[in-house]
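Since the structure comes first, as structure tokens, the remarks are kept for the end.
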Amino acid sequence: QVQLVESGGGLVQAGGSLRLSCAASGRTASSYYMGWFRQAPGKEREFVAAISWSGISTYYTDSVKGRLTISRDNAKNTVYLQMNSLKPEDTAVYYCNADLNRIAATRPGSYWGQGTQVTVSS
């Protein structure tokens, strides 16, 4: 069992940056694959990025490659999503996700955070 709490969302102009954080609680939180999904108004939730428990392997959806970077600090049980060169189409609620198995676009993890709003103005 793991609990996830996101932070770091907000309002930013196009071209700007934000860093999202997801704090995981639970004795074995560092053993979990972690990921980020997002849901824009009127759209389905979509995969953004994922990272292995070791941090060695990372995965991204094509639309964010080169702009968003996922990382983790297992000593702090925290995963980050550094968001650069933001675009209005990045506007969405961003959700942290975790699972003992690999997270993928078609296979989200079992545990979810409450979400944090990111709004990018043009």
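Things to note:
- Just one of (1) within 13 Å of the chain's Cα centre (by Cα); (2) part of a loop (DSSP other than H, G, I, E, B); (3) surrounded by 15 or more Cβ atoms within 10 Å (Cβ to Cβ) fails for Trp53. It is (1).
- Residue check, Tyr59 open to solvent by 40 Å² or more (accessible area, probe 1.4 Å) and more than 16 Å from Gln117 (Cβ to Cβ): yes
- Picking from residues in region 1-39 that are open to solvent by 10 Å² or more (accessible area, probe 1.4 Å), among the small types (Gly, Ala, Ser) and in a strand (DSSP E or B), the one that is farthest from Val93 (Cα to Cα) is Ser25.
- For Ala98, the conditions (1) of a type outside the set (Ser, Thr, Tyr); (2) over 15 Å from Val5 (Cα atoms); (3) open to solvent by less than 10 Å² (accessible area, probe 1.4 Å) all hold with the exception of (2).
- Subset of region 76-95 (residues that are open to solvent by 10 Å² or more (accessible area, probe 1.4 Å) and charged (D, E, K, R)): Lys76, Lys87, Glu89
- For region 102-112, the criterion of being closer than 20 Å to Gln1 by Cβ, touching a strand residue (DSSP E or B) at 6+ places or on another chain (Cβ under 7 Å), open to solvent by 70 Å² or more (accessible area, probe 1.4 Å) and touching a residue at least 60 places away in the same chain (Cβ under 8 Å) is met by at least one residue.
- Close contacts from region 50-72, counting a first residue that is farther than 26 Å from Gly15 by Cβ and a second that is open to solvent by 60 Å² or more (accessible area, probe 1.4 Å) and assigned to a loop (DSSP other than H, G, I, E, B), with Cβ to Cβ under 8 Å and a gap of 6+ residues or different chains, come to Ser52/Arg102.
The values are calculated or read from the model by the stated rules, or taken from the named source; none is laboratory data. Quick caveat: nothing in here was measured; it's all calculated off a predicted structure. Using ideal geometry, Cβ is built from the backbone for each residue, glycine included, and neighbour counts are taken over all protein chains shown. Accessible surface areas use protein heavy atoms only, side chains included; no ligands, DNA or RNA. Shrake-Rupley method; radii C 1.70, N 1.55, O 1.52, S 1.80 Å.
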